[in-house]
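Below: one structure, written as structure tokens.
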Amino acid sequence: MSGDGGWSCVREILGEDLLSVILPVYRLGDTIGANLDAVAACLDAGGVRYELVPVDDGSGDGTAEALRRAAAKRPDTVRPVWVETNAGKGNALKVGFRASRGGYVLLLDGDLDIAPTMLPKFFESMRAHGSDVVVGSKRHPESNVQYPWHRRLASAVYFGLVRLFIGLPITDTQTGMKLFKRRLLGEALDRMLVKTYAFDLELLSIAYGRGAKISEAPVEIRFGGKFGALKPRTVRDMTMDTLAVFYRLRLLHYYAKVEVPPPLEKPPLVSVVIACPGPSWMLDECLTALAAQTYRNFEVIVLPDGEVKGERGKVKGDARGDDDSHSAFHLSTIPTGKVRPAEKRNIGIAEAKGEIVAFIDDDAYPDAHWLENAVKYFSEPSIGGVGGPGVTPPGDGFLAQAGGRVYANIFVSGNYRYRYVGGRVRLDVDDYPSCNLLVRTDLLRKIGGYRTDFWPGEDTLLCDAIVLGEHKRIVYDPWAIVYHHRRRLFGPHLRQLGRYGFHRGYFVKRFPATSCRASYFVPSLFVLGVLLGCATFALPAHPVATALRWIYLGVTGFYAVVTLLSSFSLNPFMWLVTWLGVVASHLWYGVRFLQGLCASRAPCEYIGRDHAGR
């Protein structure tokens with residue numbers, strides 16, 4: 001190391017470039033100001049051109065205000081970013097990267113347990129090895145680490161699993177200090193899916209798979225007494241995330257094949273269309289979330305049954321309206337009368353000024369990066385539509401949360417679970433719901449919008465027209481998230497699910513291309529199996545009858561065990577309610593699917609109660 005502590009190497013490599021330091025922050029309101037001062041003092045002493053990009057990951061404890069004070073104190077170097085809802089460290093880093101400008105990016109944990117004074121060692125390693133990525137390693141011979149024995153043991157076990165399943169040529173993936181050349185980090189973040197526990201592993205796996213040379217540097221860590229025992233839930237989630245990375249990397253080869261669209265020449269205007277019965281707290285919530293979008297070039301069209309009187313429906317503290325010159329977006333309210341959602345959306349399509357129409361329900365609200373993550377795909381001409389998951393909001397009540405867990409259950413949604421759970425892989429789909437769907441406006445007008453002779457089911461027919469009729473693709477992106485309020489178990493949930501089952505059964509005959517699939521028949525086969533199994537108990541005593549009864553009891557027992565395990569929750573009552581919801585969903589969907597399969601026509605009446613919270 002040189003006489004100035006190695007900072008000359010840092011300045012040499014940076015040249016005229018900028019170092020961006022991204023610091024994910026969660027509930028550090030009392031310390032983040034001092035931590036940013038410490039990082040700034042270190043970099044100032046080294047004579048480095050830099051920016052600090054702290055990302056508040058929905059802390060809600062005063063962290064946001066502390067970051068505002070830090071930015072006011074150092075307006076030239078501190079550029080904070082806020083994430084409204086806690087979404088995990090991986091998401092925070094992705095958001096921070098978008099806001100950063102430097103050609104070299106340092107990822108550094110905001111709690112500053114890792115000393116930033118070791119930064120020159122990272123640049124020296126980058127120069128010595130010609131590397132694109134340098135990771136801090138607790139196992140580096142020059143590292144100075146105070147680390148509890150049980151954490152050392154857990155780290156060693158995890159390192160063994162990583163070497164076995166992933167094969168990265170490094171000794172540590174989890175230490176929160178990493179240096180990237182910007183291009184490599186951008187390419188990896190574009191392909192990343194994990195937001196929480198194994199995001200470090202995924203990030204490095206993607207970079208390594210794309211040819212990045214990775215080296216290690218020593219770190220100085222003072223954990224103090226903050227680290228207790230690992231929680232079982234943390235261990236479980238870390239294990240599942242790690243196995244998911246292995247599956248995508250080694251078996252699917254997903255990261256090598258995943259599509260990254262070319263940049264848009266200019267941001268297109270998006271028309272957000274919201275069909276709704278009328279003003280509600282959920283509509284207010286949706287509009288407030290739209291006001292927080294990072295993508296700014298959009299308008300909003302709200303389609304209630306009747307006139308909206310008074311101030312209801314405007315965003316509190318930042319009113320929206322046609323005549324408000326300070327609006328974050330232009331809002332049009334168009335009364336439609338008491339008609340079905342498909343007819344409302346067709347009115348929205350006709351009124352849309354944007355090149356893209358984004359459909360969202362009023363009982364859903366978007367993630368702040370919803371439009372930004374979805375719109376980028378429209379640079380590819382073959383893509384006609386984009387959809388994303390509708391996950392259950394964290395603030396929903398107990399029975400609504402249970403309803404969301406039922407939809408997210410592998411034995412309820414099967415291969416379509418990606419509609420309700422974030423973190424799935426990107427893929428092309430041919431049937432997607434309108435609670436989170438963006439489509440080219442000219443394409444919608446060409447196919448005549450939604451058909452109005454079926455409800456529900458109009459989403460399926462629209463996607464049919466896009467994919468089969470116009471030969472355009474619909475892409476699912478797990479980062480284009482909306483939060484969709486669920487119907488409560490059991491009545492509202494089963495009422496909605498029953499309508500879906502009936503129309504899917506009816507569509508098997510009318511529109512088999514996307515409805516005549518084996519997975520849709522499984523619940524009905526389950527219902528028939530239950531009925532036949534019960535019938536065996538009415539048979540007279542006979543060895544064959546006895547054998548059939550035992551087979552039935554064995555299959556039923558196996559079903560009960562696997563669905564019970566799939567419904568697991570640390571809350572025993574939530575576990576039980578979810579499991580009962582899964583069983584009830586199978587039975588009711590199966591019955592209604594058979595009714596639709598046998599029906600000569602499908603009803604298409606207006607049902608005002610089909611709305612979360614009603």
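Please treat every number below as a calculation from the coordinates, not as lab data. Small disclaimer: the values here were computed from a predicted structure and weren't measured. Note that each Cβ is placed from the backbone with ideal geometry, even for glycine, and that neighbours are counted across all protein chains shown.
Legend: Rg and Dmax of the range 433-559, from Cα coordinates, 20.8, 68 Å. Once the Cα atoms are used to define both axes, helix 398-407 deviates from the longest principal axis of the chain by about 80 degrees.
Once both labels are modelled 7 Å past Cα along the beta-carbon direction, what's the A518-E307 spacing in nm? Distance between the two pseudo-spin positions: 5.8 nm.
Compared with the alpha-carbon gap, the fully stretched path from R68 to T294 is longer by 79.5 nm at 0.36 nm per residue. Here the gap between L525 and E351, fully extended at 0.36 nm per residue and compared with their Cα-Cα distance, gives a gain of 58.1 nm.
Find how many whole Å separate the alpha carbon centroid of the range 121-185 from the alpha carbon centroid of the range 456-496. The range 456-496 and the range 121-185 have Cα centres separated by 42 Å. Here is the size of the range 115-197 from its Cα atoms: Rg then Dmax, 13.9, 37 Å. Placing +1 on the Cβ of every Lys and Arg and -1 on the Cβ of every Asp and Glu, with no other charges, gives the chain a dipole of roughly 1780 debye about its Cα centre. Note that the chain shows a convex hull volume over its alpha carbon atoms of 178 Å³ per residue. With each label modelled as a point 7 angstrom along the Cα→C-beta vector, the D453-K509 pair spans 1.5 nm.
When the pairs K73/K266; K89/K376; K353/K509; K94/K446; K94/K353 are compared against a 28 Å limit on Cα-Cα distance, K73/K266; K353/K509; K94/K446; K94/K353 fall above it.
For the pair K231 and A156, the difference between a 0.36 nm per residue extended length and the Cα-Cα distance amounts to 25.3 nm.
The L18 and V260 beta-carbon pair, evaluated with R₀ = 22 Å, returns a calculated FRET efficiency of approximately 0.35. Classification of the range 496-598 by its C-alpha gyration tensor yields an oblate form. The axis ratio a/c (a ≥ b ≥ c) is 1.5 or more, and b/c is at least a/b. Only Lys, Arg, Asp and Glu carry charge here, each on its Cβ (+1 for the first two, -1 for the last two); on that basis the range 371-482 has a dipole of about 200 debye about its Cα centre. The simple spin-label model puts a point 7 Å past each Cα toward its Cβ; for V561 and Q595 those points are separated by 3.5 nm.
Note on the chain: dipole from Cβ charges, positive end direction compared against Y147, A350, L331; the farthest Cα belongs to Y147. Backbone amide hydrogens, once placed in the peptide plane, bring F359 within less than 5 Å of V273, L437, L438, V439, excluding anything fewer than 5 places away on its chain.
Projecting the Cα positions of A45, Y432, A66 onto the charge dipole of the chain (unit charges on Cβ atoms of Lys, Arg, Asp and Glu, taken about the Cα centre) puts Y432 furthest along the positive direction. With a Förster radius of 25 Å applied to the C-beta separation of H253 and T196, the computed FRET efficiency comes to 0.60. Relative to the Cα centre, the charge distribution of the range 141-215, modelled as +1 at Lys and Arg Cβ and -1 at Asp and Glu Cβ, gives a dipole magnitude of about 140 debye.
DSSP beta bridges fully contained in the range 7-257 are about 30 percent antiparallel. Of N297, A408, G590, which is farthest towards the positive pole of the chain's charge dipole, taken about the Cα centre with +1 and -1 on the beta-carbons of Lys, Arg and Asp, Glu respectively? Sorting the options by dipole projection puts first G590.
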